[in-house]
């Protein structure tokens with residue numbers, strides 16, 4: 001009899017344990033919450049507060065007038081096509097996220113308020129990890145997507161627009177990263193922002209297949225961000241082009257720098273850069289293709305410089321850089337420098353202004369080419385001299401260079417100029 005009671009007690013305990021485990025499992029299963037303008041849950045903020053960790057919130061199409069939405073737990077938020085969050089241009093942000101393991105997709109966020117003391121953003125992430133931001137559209141943004149102190153995240157296929165009538169002082173950046181690591185920025189289109197993409201203290205990140213155009217200042221602004229790559233991007237018609245500064249080990253491959261015009265505009269500005277790689281890029285119709293200051297130990301190869309005002313402007317504190325297998329075609333000025341010394345190597349580049357000969361038919365010109373003209377040197381010391389360009393005075397200088405080649409500095413020379421344009 002006692003044995004029978006013991007068996008019954010053991011059975012009951014096992015059954016209770018099974019019920020406890022199953023109930024915990026059921027509670028832990030992520031659920032789907034629907035937000036609908038005509039449904040039971042009509043507010044995104046309410047749905048987020050109601051949700052448990054790892055739930056999915058699905059937002060039906062419609063315009064939701066909400067702002068300052070805070071999220072502090074792992075969630076997936078997906079909008080139906082036509083989902084709009086309107087912040088009504090008040091001094092507010094759209095979403096603020098402080099969590100790991102977060103996904104947000106398919107939402108339009110519009111009318112972010114301007115602030116001169118706060119970085120209001122459509123979506124702002126602080127101290128986050130393992131995040132995906134995909135198919136987000138921001139219209140009339142201040143800052144659009146902002147990450148700080150975060151790692152392991154992706155921003156993909158987003159369309160970010162600021163306002164056309166704003167100035168630099170009342171505009172924010174499209175994609176803004178500060179103290180971040182392992183970011184992927186890919187397939188985005190950014191326009192009418194202050195800087196299209198802004199990196200500061202970012203490591204080990206990839207920027208690829210983005211288009212940044214018609215931004216007020218830089219298409220890409222990149223500082224103190226080592227070991228990053230940008231590939232297959234297009235930077236067009238930005239106020240000051242692209243700036244990469246105070247950084248080591250940057251890889252710039254297969255990008256287009258186009259139509260960046262202005263008195264302080266460059267296709268690519270490199271300042272205090274070391275041990276980097278610039279290859280297969282297109283520099284087309286810029287005031288300056290590449291402006292270099294304090295750039296060392298960097299390889300420039302297989303790039304095309306076409307119809308720029310200056311293809312290259314190199315200051316005297318640039319050392320140990322190599323330029324090889326590049327095409328310099330139809331640029332107003334090919335190379336300019338402010339120094340009487342050259343500590344860089346030019347080797348086997350194609351220069352459309354080269355008129356030398358190749359007697360042994362090896363594809364290399366037998367006469368070295370000096371891409372710095374006397375008129376370029378004059379402009380470096382007196383900018384107003386550019387007004388004489390295409391005048392009879394310049395024609396006289398060109399004749400003088402040919403008759404008396406010693407008047408042109410020999411310190412910057414390509415000793416093996418290519419006879420034919422490279423096909424990259």
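The values are calculated or read from the model by the stated rules, or taken from the named source; none is laboratory data. Keep in mind the model is a prediction, meaning the values are calculated, not measured. Glycine also receives a Cβ, built like all others from the backbone with ideal geometry; neighbour counts cover every protein chain displayed.
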Those residues of the stretch 340-371 which are loosely packed, with under 13 Cβ neighbours inside 10 Å and closer than 25 Å to residue 316 by Cβ, in sequence order = 340, 341
Provide a single number: the residues in the stretch 196-229 that are farther than 27 Å from residue 167 by Cα and either over 11 Å from the mean Cα position of the chain (by Cα) or assigned to a strand (DSSP E or B) (or both).
-> 8
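I need a count of the residues in the stretch 77-89 that are surrounded by fewer than 21 Cβ atoms within 10 Å (Cβ to Cβ), in contact (Cβ under 8 Å) with a residue 40 or more places away in the chain and not in a loop (DSSP other than H, G, I, E, B). Show your work before the answer.
Residues of the stretch 77-89 surrounded by fewer than 21 Cβ atoms within 10 Å (Cβ to Cβ): 78, 80-82, 84, 86, 88-89.
Filter once more, keeping what is in contact (Cβ under 8 Å) with a residue 40 or more places away in the chain: 89.
Among the residues that remain, those that are also not in a loop (DSSP other than H, G, I, E, B) are: none.
Going through the stretch 77-89 one residue at a time, the tally reaches 0.
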In the stretch 252-276, the residues that are under 16 Å from the mean Cα position of the chain (by Cα) and more than 19 Å from residue 196 (Cα to Cα) | none
Residues of the stretch 142-163 that turn out to be farther than 18 Å from residue 183 by Cβ and surrounded by 24 or more Cβ atoms within 10 Å (Cβ to Cβ), as a count = 2
Hey, does the stretch 154-165 have a residue that's closer than 19 Å to residue 203 by Cα, modelled with pLDDT of 95 or more and more than 18 Å from the chain's Cα centre (by Cα)?
-> no
In the stretch 130-141, how many residues are crowded, with 24+ Cβ neighbours inside 10 Å and either part of a strand (DSSP E or B) or touching a helix residue (DSSP H, G or I) at 6+ places or on another chain (Cβ under 8 Å) (or both)?
-> 3
Would you be able to tell me the number of residues in the stretch 98-118 that are surrounded by fewer than 19 Cβ atoms within 10 Å (Cβ to Cβ) and over 22 Å from residue 65 (Cβ atoms)?
-> 7
